[in-house]
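Peer 1: I am attaching a structure below and will ask some questions about it afterwards.
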Ligand SMILES: Cc1cc2nc3c(=O)[nH]c(=O)nc-3n(C[C@H](O)[C@H](O)[C@H](O)COP(=O)(O)OP(=O)(O)OC[C@H]3O[C@@H](n4cnc5c(N)ncnc54)[C@H](O)[C@@H]3O)c2cc1C
Ligand SMILES: Cc1cc2nc3c(=O)[nH]c(=O)nc-3n(C[C@H](O)[C@H](O)[C@H](O)COP(=O)(O)OP(=O)(O)OC[C@H]3O[C@@H](n4cnc5c(N)ncnc54)[C@H](O)[C@@H]3O)c2cc1C
Ligand code: SF4
Ligand code: SF4
Ligand code: FES
């Protein structure tokens, strides 16, 4: 059974959306869950969040940033191509509750992860404000999609080329000064999630983050994805990926994400050389 | 003319240690036809063969050995396959010394007949010589059975049911079927091509295998049975959840569970990085904690993947090591050091979070514990440190809770194994049977295979008597005996 790419869209520089035919995954998926895919027979297993599903058509949407060999290779595939493997939905679904006012913060690919979450949060009767953070204007992802779902969208860019100048935490500070916030969801680079967690710790605002450690099987079999939450070791693929931000050891996560830095760079360099050769 | 019994078994050639530690090629090279026939000559073809009772799948051992004596190797493998669809695998990894071979009468005076080596030989012979023969398909029964997990238990149960005429689907979470055979046991002991070949045979029997399907996530067992028309299920999800010690520093970079380390190497082929994309980190000094088959496999894999020095640390004494003797010998031959009566107390890392040292403590043996083995007790003040840049924890696996947690009415024991009647393999949920490591706790390939075979018989019985009132109660209480 092949997992055919039905549609591909470029969202911005280095970030792409794909609709993949995977009927079982589409049928069972809930917000906050992810899949693991392999591009080809010699490929690595990488996790990506389920951004959207269409159970009727058996379609799963993934949104990814091209950061290394596997994601770049994935991005080179065309509509009609097939992926070697595509398994899911994995992980625990987001705990959706009626909190009141929820701020959902996305940085980088994190914005994609937020899509199904905010949809569910809205449905549960929350007022939802989304903050999308990016380095610069052209990296702002999914603004119009987000606007269709939530009550308010706030954009922050590091260089001030679009929206508010500053970091997502500046956006959050602004909203917190303006109104009462009952819960925060933050998904993105680890330093961003850590900074958000620090801001909401004192005022004791319930804050949930979605962690992205390196994974292999995604079913609790290997322990590659161990994270420390509340001083205890947890497996993010089965106990998470979402955890209470105030309990997470972000420094450990940041370190563990660097475990294969050398090999990743080497692999990527070889891959780029090969692509250049093919282009000639 | 009465022939004298040869007391010594025919040796099997192995790659020499210096050569084999450089590659992942298989260590044991197998018999030649002449060697196999010579070894077969040692069998007395007992009328009431004790060896058969030692085999969990009851292979007709004297009959297949007799066929080898006559030079009919293909006939021999066919004979084995009546009872065991996985001969090339079992011939390699069964702990024969504790099973069939332990009971062999020749073993009373000399070395027992090398049943495992003979089994392996004929299976390999068949693969090398033309088409593998497929038994004719029986009439279909029009009933669907779901098998969860494609390790030895699932594969054997599926084969048996397919041979009876059921429509069987195996659901497997990973991208390749085989369970521990594929992701755990390394290439140099069990080449993956051989596992793939025997799985192919299972498929040819008519079994459908759906990979990338996590039961409990992709679909629950209840959905499969309620909505997708499976009338019975066999849960064989293994004992794949790794344990850690819970000591300081265990999440430092460079510390692996044996499962992760072996999965990267075997399933993902990290030893062939960068040809394969998945990397693995093997430093100069590798420490493996534990002394079972898993620990030996991890240690020997680390050596082949480039470690300079591999040390196995074990808290009890040599006598209590659970690995096969053959594997301990292989490891020592290859230069792996065993530190017995020693246990890690913490791991020390550098400023980037990489493990650099292990603090060990000496142990002594005290009174016997609940397992009947003498309890290891730390010797106070005996702590010392050794350098380590890769650590592999091989201290055991427990059952994965995904299926029990997502299935209504499927109860587990306090060890996390699925509650079931030991004879019939019936669980607390009607229509659901179990077997292999998820029922017994971590055990062996052949015990898992044997339990798959037994369960298949009771699954068949259940499906034939489904309408009888109280049938499940009878099965669960073990009141049916086949
Ligand atoms: C639950 C979860 C959900 C995710 N969802 C998304 C998403 O929706 N969109 C998206 O763009 N990214 C997502 N990621 C991150 C994504 O998996 C990584 O970017 C990807 O694996 C990088 O692979 P690569 O070969 O392209 O890069 P590499 O060069 O291999 O790695 C780049 C960096 O990615 C991380 N990484 C590498 N291998 C893995 C791995 N096997 N598992 C996890 N992280 C790894 C490491 O930090 C590494 O330094 C998610 C991660 C997790 C754990
Ligand atoms: C490294 C290692 C070396 C070993 N060496 C030996 C040896 O030399 N000799 C010996 O006899 N035994 C050995 N063993 C033990 C032996 O491999 C096991 O006892 C045996 O494989 C158990 O078989 P099983 O069918 O119960 O489960 P497994 O082989 O564990 O297979 C279970 C399968 O179920 C799948 N699964 C799990 N959850 C789900 C789900 N929710 N949905 C779908 N699929 C799922 C898993 O991915 C896996 O493929 C070794 C074990 C290990 C780990
Ligand atoms: S399957 Fe294992 S126990 Fe049975 S005969 Fe073969 S080697 Fe012996
Ligand atoms: S017990 Fe030994 S000698 Fe007798 S049939 Fe079995 S293998 Fe042959
Ligand atoms: S990815 Fe293997 S246990 Fe989580």
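Peer 1: With the checklist (1) in contact (Cβ under 8 Å) with a residue 12 or more places away in the chain; (2) within 14 Å of chain B (Cβ to nearest Cβ); (3) buried (at least 23 other Cβ atoms within 10 Å of the Cβ) in hand, flag the one item residue A:184 doesn't pass.
Peer 2: Residue A:184 satisfies every listed condition except (2).
Peer 1: Report whether or not residue A:225 is within 16 Å of ligand 5 (Cβ to nearest atom), at pLDDT 95 or above and out of contact with any helix residue (DSSP H, G or I) (no Cβ under 8 Å at 6 or more places or on another chain).
Peer 2: Answer is no for this residue.
Peer 1: If I ask for residues that are free of Cβ contacts under 8 Å to residues at least 40 places away in the same chain and within 13 Å of residue B:430 (Cα to Cα), which ones from region B:469-482 would you list? Give the steps one after another, and end with the answer.
Peer 2: Here is the first cut: in region B:469-482, the residues free of Cβ contacts under 8 Å to residues at least 40 places away in the same chain are B:469-471, B:473-474, B:479, B:482.
Matches in region B:469-482: B:469, B:470, B:471, B:473, B:474.
Peer 1: Another one. Provide a single number: the residues in region A:237-261 that are without any contact (Cβ under 8 Å) to a residue 60 or more places away in the chain, in a helix (DSSP H, G or I) and more than 9 Å from chain B (Cβ to nearest Cβ).
Peer 2: Residues meeting the conditions: 3.
Peer 1: Any idea which of B:407, B:428 is touching a residue at least 24 places away in the same chain (Cβ under 8 Å), more than 13 Å from ligand 2 (Cβ to nearest atom) and under 30 Å from residue A:90 (Cα atoms)?
Peer 2: Working: B:407 fails: more than 13 Å from ligand 2 (Cβ to nearest atom).
Unique residue meeting the criteria: B:428.
Peer 1: Assuming residue B:150 fulfils every condition listed in (1) within 30 Å of residue B:225 (Cα to Cα); (2) within 13 Å of ligand 2 (Cβ to nearest atom); (3) at pLDDT below 95 apart from one, which condition is it?
Peer 2: Exception for residue B:150: condition (3).
Peer 1: Assess whether residue B:106 counts as being away from ligand 2 (no atom under 16 Å from the Cβ), closer than 23 Å to residue B:42 by Cβ and crowded, with 22+ Cβ neighbours inside 10 Å.
Peer 2: Details: away from ligand 2 (no atom under 16 Å from the Cβ): yes; closer than 23 Å to residue B:42 by Cβ: yes; crowded, with 22+ Cβ neighbours inside 10 Å: no.
No, not satisfied.
Peer 1: Would you be able to tell me the number of residues in region B:21-60 that are out of contact with any helix residue (DSSP H, G or I) (no Cβ under 8 Å at 6 or more places or on another chain) and more than 19 Å from residue B:128 (Cβ to Cβ)?
Peer 2: Residues meeting the conditions: 3.
Peer 1: Something else now. Of all residues being farther than 15 Å from residue A:217 by Cα and assigned to a strand (DSSP E or B) in region A:79-95, which is farthest from the other protein chains (Cβ to nearest Cβ)? Just the residue, please.
Peer 2: For region A:79-95, the residue satisfying everything is A:82.
Peer 1: Does region A:196-236 hold any residues that are under 18 Å from residue A:183 (Cα atoms), in a loop (DSSP other than H, G, I, E, B) and within 8 Å of ligand 1 (Cβ to nearest atom), and which are they?
Peer 2: Of region A:196-236, the ones under 18 Å from residue A:183 (Cα atoms) are A:196-211.
Filter once more, so that each one left must be in a loop (DSSP other than H, G, I, E, B): A:202-205, A:211.
If the condition is that a residue be under 18 Å from residue A:183 (Cα atoms), in a loop (DSSP other than H, G, I, E, B) and within 8 Å of ligand 1 (Cβ to nearest atom), then A:211 is the only one that fits.
Peer 1: Looking at (1) more than 16 Å from ligand 1 (Cβ to nearest atom); (2) assigned to a loop (DSSP other than H, G, I, E, B), can you tell me which one residue B:127 breaks?
Peer 2: (2)
Peer 1: In this structure, does residue A:10 turn out to be in a strand (DSSP E or B), touching a residue at least 12 places away in the same chain (Cβ under 8 Å) and under 19 Å from the mean Cα position of the chain (by Cα)? So that I can check it myself, show each step before the final result.
Peer 2: Working: in a strand (DSSP E or B): yes; touching a residue at least 12 places away in the same chain (Cβ under 8 Å): no; under 19 Å from the mean Cα position of the chain (by Cα): yes.
Criteria not met by residue A:10.
Peer 1: So which of A:198, A:179 is more than 22 Å from residue A:31 (Cα to Cα), surrounded by fewer than 19 Cβ atoms within 10 Å (Cβ to Cβ) and touching a helix residue (DSSP H, G or I) at 6+ places or on another chain (Cβ under 9 Å)? Walk me through it before giving the result.
Peer 2: Working: A:179 fails: touching a helix residue (DSSP H, G or I) at 6+ places or on another chain (Cβ under 9 Å).
Checking each option against the conditions leaves just A:198.
Peer 1: Give the residues of region A:35-56 that are within 12 Å of chain B (Cβ to nearest Cβ) and over 19 Å from residue A:212 (Cβ atoms), sorted by residue number.
Peer 2: Of everything in region A:35-56, those that are within 12 Å of chain B (Cβ to nearest Cβ) and over 19 Å from residue A:212 (Cβ atoms) turn out to be A:40, A:41, A:42.
Peer 1: Another question, if that's okay. With the condition kept exactly as written, say whether any residue in region B:153-166 is within 14 Å of chain A (Cβ to nearest Cβ), in contact with a strand residue (DSSP E or B) (Cβ under 6 Å, 6 or more places away or on another chain) and either within 16 Å of ligand 2 (Cβ to nearest atom) or closer than 30 Å to residue B:466 by Cα (or both). Step through it out loud before you land on a result.
Peer 2: Within region B:153-166, the subset within 14 Å of chain A (Cβ to nearest Cβ) is none.
No, there is no match, as no residue in region B:153-166 is within 14 Å of chain A (Cβ to nearest Cβ), in contact with a strand residue (DSSP E or B) (Cβ under 6 Å, 6 or more places away or on another chain) and either within 16 Å of ligand 2 (Cβ to nearest atom) or closer than 30 Å to residue B:466 by Cα (or both).
Peer 1: For residue A:59, all conditions in the list (1) over 17 Å from the mean Cα position of the chain (by Cα); (2) within 12 Å of chain B (Cβ to nearest Cβ) hold save one; what is the number of the exception?
Peer 2: Residue A:59 satisfies all of (1) over 17 Å from the mean Cα position of the chain (by Cα); (2) within 12 Å of chain B (Cβ to nearest Cβ) except (2).
Peer 1: Suppose we filter region A:144-169 for residues that are assigned to a helix (DSSP H, G or I) and surrounded by 16 or more Cβ atoms within 10 Å (Cβ to Cβ); how many remain? Give the derivation first.
Peer 2: Taking region A:144-169 first, the residues assigned to a helix (DSSP H, G or I) are A:144-149, A:168-169.
Now drop any that are not surrounded by 16 or more Cβ atoms within 10 Å (Cβ to Cβ), which leaves A:145-146, A:149, A:168-169.
Total satisfying the criteria: 5.
Peer 1: Residues that are within 13 Å of chain A (Cβ to nearest Cβ) and surrounded by 15 or more Cβ atoms within 10 Å (Cβ to Cβ): which strands (runs of 3 or more DSSP E) entirely in region B:294-406 hold 1 or more of them? Spell out how you get there, then give the answer.
Peer 2: Values: elements: B:309-313, B:337-339, B:342-349, B:355-368, B:374-378, B:384-387, B:390-393.
Result: B:342-349, B:355-368, B:390-393.
Peer 1: Sticking with this structure for a sec: What's the number of the only condition in (1) within 18 Å of the chain's Cα centre (by Cα); (2) crowded, with 16+ Cβ neighbours inside 10 Å; (3) within 10 Å of ligand 1 (Cβ to nearest atom) that residue A:67 fails to meet?
Peer 2: Every condition holds for residue A:67 apart from (2).
Peer 1: Could you say whether any residue in region A:141-162 is away from ligand 4 (no atom under 16 Å from the Cβ), within 22 Å of residue B:218 (Cα to Cα), in contact with a strand residue (DSSP E or B) (Cβ under 7 Å, 6 or more places away or on another chain) and in contact (Cβ under 8 Å) with a residue 40 or more places away in the chain?
Peer 2: Start the filter on region A:141-162 by keeping residues that are away from ligand 4 (no atom under 16 Å from the Cβ), which leaves A:141-162.
Okay, now just the ones that are also within 22 Å of residue B:218 (Cα to Cα), so none.
Within region A:141-162, not a single residue is away from ligand 4 (no atom under 16 Å from the Cβ), within 22 Å of residue B:218 (Cα to Cα), in contact with a strand residue (DSSP E or B) (Cβ under 7 Å, 6 or more places away or on another chain) and in contact (Cβ under 8 Å) with a residue 40 or more places away in the chain.
Peer 1: Name the helices (runs of 4 or more DSSP H) wholly inside region B:10-85 in which the number of residues that are within 14 Å of ligand 4 (Cβ to nearest atom) is 1 or more. Talk me through it step by step, then tell me what you get.
Peer 2: On the way: elements: B:17-20, B:33-40, B:50-53, B:61-69, B:73-81.
The helices (runs of 4 or more DSSP H) meeting that bar are B:33-40, B:50-53, B:61-69, B:73-81.
Peer 1: So, residue B:203, is that one under 30 Å from residue A:27 (Cβ atoms) and without any contact (Cβ under 8 Å) to a residue 12 or more places away in the chain or not?
Peer 2: On the way: under 30 Å from residue A:27 (Cβ atoms): yes; without any contact (Cβ under 8 Å) to a residue 12 or more places away in the chain: yes.
So residue B:203 passes the test.
Peer 1: Which of the residues that make up region A:64-91 are modelled with pLDDT under 95 and within 16 Å of ligand 2 (Cβ to nearest atom)?
Peer 2: Residue satisfying the conditions is A:88 alone.
Peer 1: Quick check on this structure: which one of B:162, B:173, B:158, B:232 is in a strand (DSSP E or B) and buried (at least 22 other Cβ atoms within 10 Å of the Cβ)?
Peer 2: Values: B:162 fails: in a strand (DSSP E or B); B:173 fails: in a strand (DSSP E or B); B:158 fails: in a strand (DSSP E or B).
Sole residue among the options that is in a strand (DSSP E or B) and buried (at least 22 other Cβ atoms within 10 Å of the Cβ): B:232.
Peer 1: Please work out which one of (1) buried (at least 22 other Cβ atoms within 10 Å of the Cβ); (2) away from ligand 4 (no atom under 16 Å from the Cβ) is the condition residue B:100 fails and give its number.
Peer 2: (2)
Peer 1: Restricting attention to region B:441-453, which residues are over 15 Å from residue B:149 (Cα atoms) and either over 13 Å from the mean Cα position of the chain (by Cα) or free of Cβ contacts under 8 Å to residues at least 60 places away in the same chain (or both)?
Peer 2: B:443
Peer 1: Based on what the data block shows, is residue A:275 farther than 28 Å from residue B:282 by Cβ, more than 8 Å from every other protein chain (Cβ to nearest Cβ) and in a helix (DSSP H, G or I)?
Peer 2: Considered against the rule, which asks whether it is farther than 28 Å from residue B:282 by Cβ, more than 8 Å from every other protein chain (Cβ to nearest Cβ) and in a helix (DSSP H, G or I), residue A:275 comes out as yes.
Peer 1: Among the residues of region B:22-37, is there at least one that is touching a strand residue (DSSP E or B) at 6+ places or on another chain (Cβ under 6 Å) and either more than 16 Å from ligand 1 (Cβ to nearest atom) or over 29 Å from residue B:448 (Cα atoms) (or both)?
Peer 2: Checked region B:22-37: at least one residue is touching a strand residue (DSSP E or B) at 6+ places or on another chain (Cβ under 6 Å) and either more than 16 Å from ligand 1 (Cβ to nearest atom) or over 29 Å from residue B:448 (Cα atoms) (or both).
The values are calculated or read from the model by the stated rules, or taken from the named source; none is laboratory data. Everything numeric here is computed off the predicted structure, so don't read it as measured data. As a convention, Cβ positions derive from the backbone with ideal geometry for all residues, glycine included, and neighbour counts pool all protein chains shown.
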